[in-house]
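The values are calculated or read from the model by the stated rules, or taken from the named source; none is laboratory data. Predicted model, so just to flag it, every value in this text is computed and none were measured. Cβ coordinates were reconstructed from backbone atoms using ideal geometry, including for glycine residues, and neighbour counts include every protein chain displayed. We work out accessible area using only protein heavy atoms, side chains counted, and drop any ligands, DNA or RNA first. Shrake-Rupley method; radii C 1.70, N 1.55, O 1.52, S 1.80 Å.
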Amino acid sequence: MASGWPERLWIVRHGESAGNVARQAAYSAGEERIALTARDVDVPLSPRGEAQAAALGAWFAAQSTGERPEVLLASPYVRARETARIFRDAGGGAGDEPICLDERLREKEFGILDGLTTRGIAAIQPDQAEFRRLLGKFYHRPPGGESWCDVILRLRALLDTVALHHAGQRVMIVAHQVVVLCLRYVIENMTEDEIIAIDRTGEVANCSVTEYRFDPFLGSSGKLALVRYNDVRAVGSGTVPVTAEPDAGAVRR
């Protein structure tokens, strides 16, 4: 797959969502459940998340055409779709390219733990809290949900599709925090310990940019080289606040 890498790859976490806001409120109040009234897939951006997506688009729009994506791939979840649309409408892309939705970019599925805070999991699903402690977040799969390994499996297939259809192109992916981390794991051929160590350094910020460029001199046929990770200059350079709250179903460390 190395010879089929895109020329440039940007991986962007969606803007702040209504779920991020509800999650923060639940943790601040010591609640067991996060107050959500819609499916996770239907949770929209917050007003601040919309502003972040517009700021990201404006920042890219100020760059030359060759420094902007010509392919936009997005998770089908509303918050990611909205981020990609607002980004494109603000002129962030190289043209009026369509947004290609791919379900393999969806958020990690949390199963029976969906909507529970850490306190809620300990009180309502204590067995799962213990399983997670023993297995770690990389391998723990809650009933009805996914482990990080499950997410990685579908992302390997996603990258094969990118290599097949978008080799040599400038590609942007708009997705979720775990997807950003798991894509790093695959692209950089990491170990469990290496990616968990990166995860422990802090949350992936909303509308942050992780960028790779193809280097033909790496390896036998070239590889993607990391240029920046979790970069918030596009958002933080203006008046829009930078936020980094995990998604509603994510368990605190």
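Give the residue from LEU101, ALA90, GLN128 lying farthest towards the positive end of the charge dipole for segment 44-136; charges sit on Cβ (+1 for Lys and Arg, -1 for Asp and Glu) and the dipole is referred to the Cα centre. Among LEU101, ALA90, GLN128, the one farthest towards the positive end of the dipole of segment 44-136 is GLN128. How large is the direction-averaged shadow of the alpha-carbon convex hull of the chain, in nm²? If I average the Cα hull's projected area over directions, I get 12.9 nm².
Each listed q (0.18 Å⁻¹) maps to a log10 I(q)/I(0) for segment 13-130 from the Debye sum over equal C-alpha point scatterers, namely -0.91. To the nearest ten degrees, helix 177-187 and the longest principal axis of the Cα atoms of the chain are 50 degrees apart. The amide H of SER17, built 1.01 Å from its N in the peptide plane, has SER46 as neighbours under 5 Å, considering only residues 5 or more places off or on other chains. Here segment 110-154 was treated as a single set of alpha-carbon atoms; its pair distances binned every 10 Å from 0 give 30, 57, 12, 0 percent. Using a probe of 1.4 Å on the protein chains alone, the accessible area found for ILE86 is around 20 Å².
Tell me the relative contact order for the chain as a rounded percent, counting alpha carbon contacts under 8 Å between residues six or more apart. After rounding, I find 32 percent.
Taken about its Cα centre, segment 62-129 carries a charge dipole of about 200 debye when Lys and Arg each add +1 at the Cβ and Asp and Glu each add -1 at the Cβ. Across TRP10, TRP59, the residue with the most accessible area heads the list, and the full order at a 1.4 Å probe is TRP59, TRP10. Entry comment: accessible area of segment 148-206 is 38 Å² per residue, from protein heavy atoms only and a probe of 1.4 Å. Considering only Cα atoms, the convex hull volume of segment 85-146 works out to 122 Å³ per residue.
With respect to the chain, whose longest principal axis is taken over its alpha-carbon atoms, helix 47-61 is tilted by about 20°. If you model segment 158-253 as an ellipsoid using its alpha carbon gyration tensor, with each semi-axis the square root of five times an eigenvalue, the axes come out at 25, 17, 13 Å, biggest first. Could you list log10 I(q)/I(0) for segment 41-92 at q = 0.19, 0.22, 0.24 Å⁻¹, which the Debye formula gives when each Cα is one point scatterer? For segment 41-92, the Cα-only Debye profile gives -0.59, -0.75, -0.86. For the chain, the residue among VAL78, ILE173, ILE198 whose Cα projects farthest onto the positive side of the dipole built from Cβ charges is ILE198. The candidates HIS166, HIS140, arranged from most to least accessible area with a 1.4 Å probe in the full protein assembly, appear as HIS166, HIS140.
Charge dipole (Cα centre; +1 on Lys/Arg Cβ, -1 on Asp/Glu Cβ; no other charges) of the chain amounts to roughly 240 debye. Accessible area of the chain with a 1.4 Å probe: how many percent of it is carbon plus sulfur? Carbon-and-sulfur percentage of accessible area, whole number: 52.
Comparing ALA80, ALA38, ALA175 in a Gaussian network model of the chain, where Cα atoms under 10 Å apart are tied by springs, the biggest mean-square fluctuation is seen for ALA38.
Taking ARG119, ARG133, ARG88 in turn, the Gaussian network model of the chain (Cα-Cα springs below 10 Å) assigns the largest fluctuation to ARG133.
Once you reduce segment 72-94 and segment 1-68 to the center of their Cα atoms, the two points are 9 Å from each other. For the chain, the longest principal axis of the alpha carbon atoms and the long axis of helix 18-29 meet at an angle near 40°.
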